[in-house]
Amino acid sequence: MKAPVMLQGVWKYRGFIAGSVQREFQSKYRNSLLGALWTVLNPLAMIVVYTLIFSKVMGNRLPGNAGSFAYSIYLCAGVLTWGLFAEITSRGQTVFLEHANLIKKLSFPRICLPIVVVLNACVNFAIIFGLFTVFLVLSGQFPGWVFLALIPVLLVQVVFAIGLGMILGILNVFFRDVGQFFTILLQFWFWFTPIVYTTATLPQGVRELLAYNPMTAVVVAHQRILLGGHVPVWSSLWPVLALGMLCCVLGMRLFRKRAGEMVDEL
């Protein structure tokens, strides 16, 4: 399927995409007393636990920043960023399996499914990040105009996440161990990313290893913007963007080449 034809199919099924996002959001919280608040409560609980353990119990501090909210903001920037990445990749690896009935319909453009995954993750992210932004404003910690620099950083992150998620999703159709392996890998990946700790506290050799982690540059960029009010080091994000675009191209090629075989495997 050529790219222009694929884009035409996506546009033709734009109503399906919007409806799917709405239905999934509503079904996720149907028969729930707290509803969409669970979107906030889950990461909030993680942030509170990590703040208590690392900031209060273990005495972690941010070098050069003694503000009362400094560590909490640093932690929120990392946890919320990671949450978006983890949701896109985790949902991406199972999206084709979950919608096997739709994939078997010849007239259905299967590329719509990863788009639905990204939009759903972005809706959830927007809710909790919007509340976090309100907190920054009310506490006097809002970084100012540099806040707009989050837009390109998020775009780089989403490109990388959806490219990786699409590759995993296709491979998972043929090799079901892929999904199980990535779930475990994601847990290690979290701790290999400077979210609850700073790179300044690590030995030089470990810092050099972290530089090979694409999510390090993304998370650090968010932390620089939200905590320090500094623009990201753009040169550190170019490799992530290049890797993300490479994953997207590879994912699309795998998708076009294996789309027919996927139907037989589902």
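The 3J(HN,Hα) values that the Karplus relation (6.51, -1.76, 1.60; θ = phi - 60°) gives for segment 168-179 are, in residue order, 4, x, 5, 5, 5, 5, 8, 10, 5, 5, 4, x Hz. Gly and Pro appear as x. Centroid-to-centroid, using Cα positions, segment 130-205 and segment 211-241 are 11 Å apart.
Computed from the coordinates by the stated procedures, all read-outs in this text should not be read as laboratory data. All figures in this text were calculated on a predicted structure; none of them were measured in a lab.
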